[in-house]
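Read the structure below first, then the notes.
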Amino acid sequence: MHNNILLLNKVWDESQLKATGKTQISKIQFNELISAIVSTGAFYFYVIDFFDMSLSDVSANIADIHGFDPKSVTFNDILSTIHPDDFSFVNKCENAALAEFYTNLGPEKLLSYKVSYCFRSKMKDGTYELINHQALMLTLDENGRFGKSLNIHTRIHHLSTRNNYHYSLIGLHGLPSFLNLSVDKDLVLLKFTKREIQIVKMIADGFNNDDMATSLNLSMETIKKHRKNILRKADCSNAPHLIKKCMELGLI
């Protein structure tokens, strides 16, 4: 096995936080998560079981993107697509995220946050493109060790070809998000409200102001005020800039 892949596997092996047995995903929970995915590019997903590093529920799109057979692909096959120069960064992201959950946020929050960062990945044709990696823990064992995780990889080369080499922790269920974090620095809270995050996702999904006002039962003036505040907080000049930035950060 490639030395870089061995080093990355050590992040999870040496943490001693992997489940000691199989854990079960609620099928309803899994289907709801997949149907809620918002993507601005081609993507695939899979579930990794940290107990034995096996894969399940691999989407067929992995064949189009990497050329892997979804029925036989392994986790190490997917890791092998990481650009050799990005392995160190991916390693640091995984270590930093684990440290935040088990020293700051609390391990009970593992099921309520997505971990997101970008890296260059080898495509089916042999070229490297920037992808956004998002991981959401689905199960823990009875001792709070991590079991199964839903991982989503989205091609974002049409949005950006440069990695910002930061990672994000995306809060679910109204929890705050921590975006654009250095792997060597403390958390910084981006003060998007739950409603603002909802509107960002609707913008990415193609909703115009009229659609959002109707769907959210808000006035047009309120929608415009939310959009203005969102652009100001994100330091973006327009909606395309906002979507590009939020996609890179993993917010959508």
* Pull up the cross-link candidates among the lysines for K224, meaning alpha carbon to alpha carbon under 30 Å and not fewer than 8 places away within one chain. => K114, K191, K194, K201, K233, K244, K245
* Asked: How big is Rg to Rh over region 137-208, alpha-carbon atoms, Rh as the Kirkwood inverse-mean-distance radius?
  -> 1.01
* Asked: Counting alpha carbon pairs within less than 8 Å and at least 6 residues apart, what relative contact order, in whole percent, applies to region 22-172?
  -> 28 percent
* Structure fact -> Where a ≥ b ≥ c are root eigenvalues of the Cα gyration tensor, a/c under 1.5 meaning rounded, otherwise prolate if a/b exceeds b/c and oblate otherwise, region 71-217 counts as oblate
* Asked: If you work out log10 I(q)/I(0) by the Debye sum over Cα atoms at q = 0.10, 0.12, 0.15, 0.16 Å⁻¹ from the coordinates, which of (i) -0.43, -0.63, -1.05, -1.22; (ii) -0.49, -0.68, -1.02, -1.16; (iii) -0.49, -0.72, -1.13, -1.28 do you get?
  -> (iii)
* Mean separation of Cα pairs under 8 Å and 6+ residues apart, divided by the residue count of region 45-122: what relative contact order is that in percent? -> 24 percent
* Most mobile of L130, L172, L110 per a Gaussian network model of the chain (Cα springs, under 10 Å)? -> L172
* Asked: Could you name the lysines in cross-link range of K10, using Cα to Cα under 17 Å and dropping any fewer than eight places away on the same chain?
  -> K18, K92
* Structure fact -> The Kirkwood hydrodynamic radius of region 107-160, taken as the inverse of the mean 1/r over all distinct Cα pairs, in Å, comes to 12.6 Å
* For the chain, the longest site-free run once GluC sites (Glu not before Pro) in DSSP loop states with at most 15 other Cβ atoms within 10 Å are removed -> 15-141
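Taken together, the values in this text are just the output of simple stated rules run on the coordinates, not laboratory data. Model, not experiment: these values are computed from the prediction. Neighbour counts run over all protein chains shown; Cβ positions are idealised from the backbone, glycine included.
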